[in-house]
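Participant: One structure, pasted below without further comment.
The values are calculated or read from the model by the stated rules, or taken from the named source; none is laboratory data. Quick caveat: nothing in here was measured; it's all calculated off a predicted structure. Cβ: placed from backbone, ideal geometry, glycine included. Neighbour counts: every protein chain shown.
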Amino acid sequence: MNSVVATKNVSKTYGKGEAAFAALENVSLSIAPGESVAVVGKSGSGKSTLMHILALLDKPTNGTVLVDNQDASSLNGRQLDVLRNKRYGFVFQQFFLNEKDTVLNNVILPLKIGRVGRKERLERGMKVLKAVELEEKATSRAGTLSGGQKQRVCIARALINNPGVIFADEPTGNLDSHTGKTVEDLLFRLNKEQGITLIIVTHDPDIAKRCGRQLHIIDGRLTNKGNI
């Protein structure tokens with residue numbers, strides 16, 4: 001099966017000796033382009049560790065991560081940085097915004113890192129802010145926004161490089177139910193209308209049910225082997 005990301009017998013252990021802790025054990029899965037997948041589990045189950053490994057933010061202790069059927073371990077640091085910046089978008093529970101800077105400058109940061117010219121940065125920045133209905137806030141300081149607006153800024157930043165995959169780790173965890181629903185709807189609209197692969201780590205059953213597939217993790221192991 002063609003996949004945007006896959007794992008083969010991936011394990012992740014923290015610590016050594018008697019203090020060693022297995023966060024993931026022999027996880028094998030494959031995610032196809034355009035899928036929406038929920039990674040579900042209790043706190044401490046290993047779901048965020050799995051997402052960080054899928055997103056190439058962390059490396060497994062054992063096993064293989066495949067990106068477009070290529071072994072990620074064959075990529076050097078520079079190649080990994082470019083891949084994450086251009087192919088992946090990230091939305092976290094914590095906003096990670098520079099609250100003293102403008103909304104627009106927060107959104108176009110990945111383009112600055114990628115050394116895209118100023119004119120193109122501004123044009124693309126306004127385009128994605130329009131997509132999340134925040135273009136009128138472009139010159140406002142990020143710190144003046146509501147929680148829901150900040151999360152939409154994060155989604156705009158995730159979209160700035162036209163990613164093939166968005167990784168969202170508890171994206172509505174810090175939001176009230178109404179605002180969370182707005183953010184949730186936006187993510188699923190991007191998945192449906194633009195074909196962006198959506199990988200969501202969540203403990204919210206309502207969000208999980210909206211995904212095309214659910215991966216349940218208990219104590220570092222996938223439990224639904226027929227659905228991976």
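Participant: Looking at this structure, is residue 29 buried (at least 20 other Cβ atoms within 10 Å of the Cβ), not in a strand (DSSP E or B) and not polar (S, T, N, Q)?
Facilitator: On the way: buried (at least 20 other Cβ atoms within 10 Å of the Cβ): yes; not in a strand (DSSP E or B): no; not polar (S, T, N, Q): yes.
No, not satisfied.
Participant: Before we move on, is residue 100 over 30 Å from residue 144 (Cβ atoms), touching a residue at least 12 places away in the same chain (Cβ under 8 Å) and not in a helix (DSSP H, G or I)? Steps first, answer last, please.
Facilitator: Numbers: over 30 Å from residue 144 (Cβ atoms): no; touching a residue at least 12 places away in the same chain (Cβ under 8 Å): yes; not in a helix (DSSP H, G or I): yes.
Against the criterion (over 30 Å from residue 144 (Cβ atoms), touching a residue at least 12 places away in the same chain (Cβ under 8 Å) and not in a helix (DSSP H, G or I)), residue 100 does not qualify.
Participant: May I pose another question? Restricting the search to segment 159-218, which residues are part of a strand (DSSP E or B), within 21 Å of residue 94 (Cα to Cα) and among the hydrophobic types (A, V, I, L, M, F, W, C)?
Facilitator: 165, 166, 167, 168, 198, 199, 200, 201, listed by residue number.
Participant: Continuing with the same structure: Restricting to segment 47-68, name every residue that is crowded, with 17+ Cβ neighbours inside 10 Å, on the phi < 0 side of the Ramachandran plot and more than 17 Å from the chain's Cα centre (by Cα).
Facilitator: Result: 60, single match.
Participant: Could you say whether any residue in segment 114-126 is touching a strand residue (DSSP E or B) at 6+ places or on another chain (Cβ under 7 Å), at pLDDT 95 or above and over 26 Å from residue 50 (Cβ atoms)?
Facilitator: First, pick out the residues of segment 114-126 that are touching a strand residue (DSSP E or B) at 6+ places or on another chain (Cβ under 7 Å): none.
Looking through segment 114-126, none of the residues is touching a strand residue (DSSP E or B) at 6+ places or on another chain (Cβ under 7 Å), at pLDDT 95 or above and over 26 Å from residue 50 (Cβ atoms).
Participant: Filter segment 17-40 down to residues that are under 20 Å from residue 197 (Cβ atoms) and not acidic (Asp, Glu), then give me how many there are.
Facilitator: First, the residues of segment 17-40 that are under 20 Å from residue 197 (Cβ atoms): 27-40.
From what's left, not acidic (Asp, Glu): 27-34, 36-40.
Final tally of qualifying residues: 13.
Participant: OK, next. Go over the candidates 189, 213 one by one and state the one that is of a type in the set (Lys, Arg), touching a residue at least 24 places away in the same chain (Cβ under 8 Å) and surrounded by 12 or more Cβ atoms within 10 Å (Cβ to Cβ). Give the steps one after another, and end with the answer.
Facilitator: Numbers: 189 fails: touching a residue at least 24 places away in the same chain (Cβ under 8 Å).
Just one listed residue meets the conditions, 213.
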